[in-house]
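The values are calculated or read from the model by the stated rules, or taken from the named source; none is laboratory data. Everything numeric in this text was worked out from a predicted model, so none of it was measured. FYI the Cβ positions are ideal-geometry reconstructions off the backbone, even for glycines, and counts take in every protein chain you see.
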Amino acid sequence: MSGPAFYLLNTAGGNCAEATANGVFDKKCSESNAQHWTAEYGDNPSIVAFRNASNGKYLRATSGNHYAAVTTSDDKQWWTLEQDNPAGSFW
């Protein structure tokens, strides 16, 4: 099920996630469709997949390691939204 559209913001720096041909990068926020993401919800509202408005592909981490590259893919990847974690925290 599709939900509202979002800009994914880096809370530490205020930049937006932008899809490019070479991956997803932290860029100065603009009104570009490359920074516009639609949320598709899973079994509950805290499980989402983000689809980019510019290329129609899903946000995807290339591995489960810290500092893994993030890109877009035709394959849907589910993300868990967590509340109350301080900006810049790792879990």
Inset, instruction - Look through 5, 17 and report the one residue that is outside any loop (DSSP other than H, G, I, E, B) and surrounded by 14 or more Cβ atoms within 10 Å (Cβ to Cβ). - result: 17
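Regarding residue 54, is this residue outside any strand (DSSP E or B), at pLDDT 90 or above and more than 14 Å from residue 72 (Cα to Cα)?
Values: outside any strand (DSSP E or B): yes; at pLDDT 90 or above: yes; more than 14 Å from residue 72 (Cα to Cα): no.
Taking the combined requirement at face value, the residue does not satisfy it.
Here are some residues: 12, 39, 5. Which one is modelled with pLDDT of 85 or more and hydrophobic (A, V, I, L, M, F, W, C)?
Values: 12 fails: modelled with pLDDT of 85 or more; 5 fails: modelled with pLDDT of 85 or more.
Criteria check complete, one pass: 39.
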Inset, instruction - Tell me which of these residue 69 doesn't satisfy, since it passes every other one: (1) more than 13 Å from the chain's Cα centre (by Cα); (2) at pLDDT below 90. - result: (1)
Inset, instruction - Identify the single condition in (1) surrounded by 15 or more Cβ atoms within 10 Å (Cβ to Cβ); (2) among the acidic types (Asp, Glu); (3) part of a loop (DSSP other than H, G, I, E, B) that residue 31 does not satisfy, given that it satisfies every other one. - result: (1)
